[in-house]
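Below: the structure, in structure tokens.
The values are calculated or read from the model by the stated rules, or taken from the named source; none is laboratory data. All figures in this text were calculated on a predicted structure; none of them were measured in a lab. Positions of Cβ are backbone-derived with ideal geometry, glycine not excepted, and every protein chain shown enters the neighbour counts. Surface accessibility is based on the protein's heavy atoms, side chains included, excluding ligands, DNA and RNA. Shrake-Rupley method; radii C 1.70, N 1.55, O 1.52, S 1.80 Å.
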Amino acid sequence: MFLRLLRARLSAVAAANRLVSIEAIAVDKKKPLKRQQQSTGKNRSSDVAVGQDTLGRRLLSLVYDKRSAVITISKWKEEGRTVRKYELNRIIRELRKFARFKHALEICEWMQLQNDIKLQPGDYAVHLDLIAKVRGVTSAEKFFEDLPDNMRGHQACTSLLFTYVQNKLSDKAEALLQKMAECGFLKNALPYNHMLNLYIAIGQLEKVPEMIQELKKNTSPDVFTYNLWLTACASQNDLETAENVFLELKKKKIVSDWVTYSLMTKLYVKNGFREKAASTLEEMEKRCSKQSRPSFSSLLSLQASLKDKSEVHRIWTKMKSLFRKMNDAEYATMMSALVKLGELNAADSLYTEWESVSKPRDFKVANILLAGYINADQVEKAENFYNRVIKTDNNYTTLELLTWGYLKTNQFEKSLEYFKKAVSCVKQWNPNENLVREIWKAIEDRANIAEAEELLDFLRKAGHVSTEIYNSLLRTYAKAEKMPVIISERMRKDNVSLDEDTHDLIKLTSTMCVNEIPVRLF
């Protein structure tokens, strides 16, 4: 059992306090590769400065997983150059920042084999996290079990706990937390914050207050604790508790960050407190910086929620002055803001600007504007936009949006056309039940048996036939005052059960004239 030796920790604890903290794992965020390509030497550690041939530069330039970090390091040594542990640790941090986990893991494994490199508990904690990301939980558990006794301390345990949290393995996470408590490893807020993250992710919000109380018995909450607590409050729209949490944070003189004020603003906006929202937004902006770039997108979105056009445009201008190039996510946020404000022409212009600077195209950005046109009942503009920028590369969401648009404007033939295109463009269709229901309702209203039978056949081929769908078919027959052919046998052939409504509809239609339209039975 990989937990069997947790109590053998004392020698590891003293060393762990001086070494790399596993907290780095908690704050890592996956970033797209192109962020690496855009970054400059200033944003990287000194060993990868532009123009220098360094080990860091060589390793970061590998890019593709099939290339080997070990071969790169070996070649560096063959050239008579020195490999230093602190440099490798710095390169690993950079690789993890850009989600280059395979190469980071290869470096960790190379370091483990070197007799002249002394690894510390923090190194093993990072190694475990990388194994979990590259090879999965089982491999991470095996690595933990095989660790030397003096390296199986609070850092390795916290790393394993984080692995369980990321994979939403609540039973294993709770069991490990209990073992960590027995071993005296819960001396800071990080393990508790991991558990709060887990409970929020799996919707067990009732466990959040209990975990916070447990945290307070053993250590002190930090700003991340309070932000997670506020996140749980926001999920329940519990403004009263959130304000008490926010007040407690202030009383403890814990420095709030932009996330804190963002969460409070969302709650105030949702509950209609515009003045309070404006006040927290002002405080939030004071905490936005180039180092916390995502904060500006959040600020932009929240100003749009307040319908403040001038502030939205001011913040966008500020972002453009701070950053050399806007990324796709930022364009999408501004696009959403403009659509929310009803500025569809400005959104169209912004799309043209984004299109000129971004390749390859991200359909999510185009779909924001498409949805804006459809929600504004400008379906013709939506289709013109689709024909102009998207048509050659169909994707399901785009076609589904157009299906909804034509349903809203009672253009059923076009709606059915785009619905069939949408389903046909994916290998495995995950049905939108609301959309299917609305299409059948439109067919029922039209009392068109031929369309109903054609749609049933199409859905059968797509692997989606249900009792509800057959009942819609029967209602279509009833409205057309026709009797369907051997409906019970057809349902049994499709492995669809008959419910009470089915029997009532069959009885209702049994007294009507037999349908004369040819039906594809199976």
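Details
- Shown is the FRET efficiency for LYS142 and ASP53, computed with R0 = 35 Å from the Cβ-Cβ distance and rounded to the nearest 0.05: 0.40.
- Kirkwood hydrodynamic radius of the chain, from inverse mean 1/r over distinct Cα pairs, in Å: 27.7 Å
- Considering only alpha-carbon pairs that sit under 8 angstrom and 6 or more positions apart, the relative contact order computed for the chain is 7 percent.
- Based on every Cα atom in the stretch 177-245, Rg and the maximum pairwise Cα distance Dmax equal 11.9, 37 Å.
- Crossing angle, helix 449-461 versus the chain [Cα axis fit, 0-90 degrees, rounded to tens]: 30 degrees
- In summary, the convex hull built on the alpha carbon positions of the stretch 121-246 has an orientation-averaged projected area of 7.6 nm².
- Normalising by residue count, the stretch 327-380 has a Cα convex hull of 68 Å³ per residue.
- Distance histogram in 5 Å bins (all Cα pairs of the stretch 64-178, percent per bin): 2, 11, 21, 23, 19, 12, 7, 3, 1, 1, 0
- For the stretch 419-522, radius of gyration divided by Kirkwood radius, i.e. Rg to Rh on alpha-carbons: 0.95
- Mean-position separation - Cα centroids, the stretch 259-298 and the stretch 167-202, in angstrom: 29 Å
- By the Stokes-Einstein formula, at 0.692 mPa s and 37 °C, the stretch 221-367 with its Kirkwood radius over alpha-carbon pairs has D equal to 203 µm²/s.
- Contact order for the stretch 90-151, expressed relative to its length and based on alpha carbon pairs under 8 Å spaced 6+ residues apart, stands at 27 percent.
- Taking the C-alpha atoms of the stretch 351-414, convex hull volume expressed per residue in Å³: 77 Å³
- Net charge in the neighbourhood of GLU444 (other residues with Cβ under 14 Å of its Cβ; Lys, Arg +1, Asp, Glu -1) is -1.
- Projecting the Cα atoms of TYR261, GLY153, THR403 onto the charge dipole of the chain, computed from C-beta unit charges around the Cα centre, puts GLY153 farthest toward the positive end.
- A helix-only calculation puts the chain at -20500 deg cm²/dmol for mean residue ellipticity at 222 nm, using -39500 (n - 2.57) for each DSSP H run of at least four residues, averaged over all residues.
- The stretch 322-437, Rg to Rh (Cα coordinates; Rh as Kirkwood inverse mean 1/r): 0.99
- Relative to the Cα centre, the charge distribution of the chain, modelled as +1 at Lys and Arg Cβ and -1 at Asp and Glu Cβ, gives a dipole magnitude of about 2440 debye.
- Cα-derived Rg to Rh of the stretch 194-287, Kirkwood definition: 0.96
- Solvent-accessible surface (1.4 angstrom probe) belonging to LEU160, in square angstrom, nearest 10: 0 Å²
- Within the stretch 281-345, the proportion of Cα pairs with more than 20 Å between them is 19 percent.
- Angle of helix 154-166 to the longest C-alpha principal axis of the chain, folded into 0 to 90 degrees and rounded to 10: 10°.
- Rounded to the nearest 10 Å², the accessible area of VAL223 at probe 1.4 Å: 20 Å²
- Area accessible to solvent at PHE458, 1.4 Å probe radius, in Å²: 40 Å²
- For the stretch 91-133: rounded, prolate or oblate by the Cα gyration tensor [a/c cutoff 1.5]: prolate
- Solvent-free Debye calculation, one equal scatterer per alpha-carbon of the stretch 446-487: log10 I(q)/I(0) at 0.23, 0.27 Å⁻¹ equals -0.73, -0.97.
- Dipole magnitude for the stretch 394-512: about 300 debye, using +1 per Lys or Arg Cβ and -1 per Asp or Glu Cβ, origin at the Cα centre.
- Farthest toward positive dipole pole in the chain [+1 Lys/Arg, -1 Asp/Glu at C-beta], among ALA99, GLN112, CYS183: GLN112
- Full extension of the chain between ASN432 and ARG324 gives 34.9 nm of extra length, using 0.36 nm per residue less the Cα-Cα distance.
- Share of pairwise Cα separations in the stretch 350-503, more than 28 Å, in percent: 30 percent
- If the convex hull is drawn through the Cα atoms of the stretch 205-244, its volume per residue in Å³: 61 Å³
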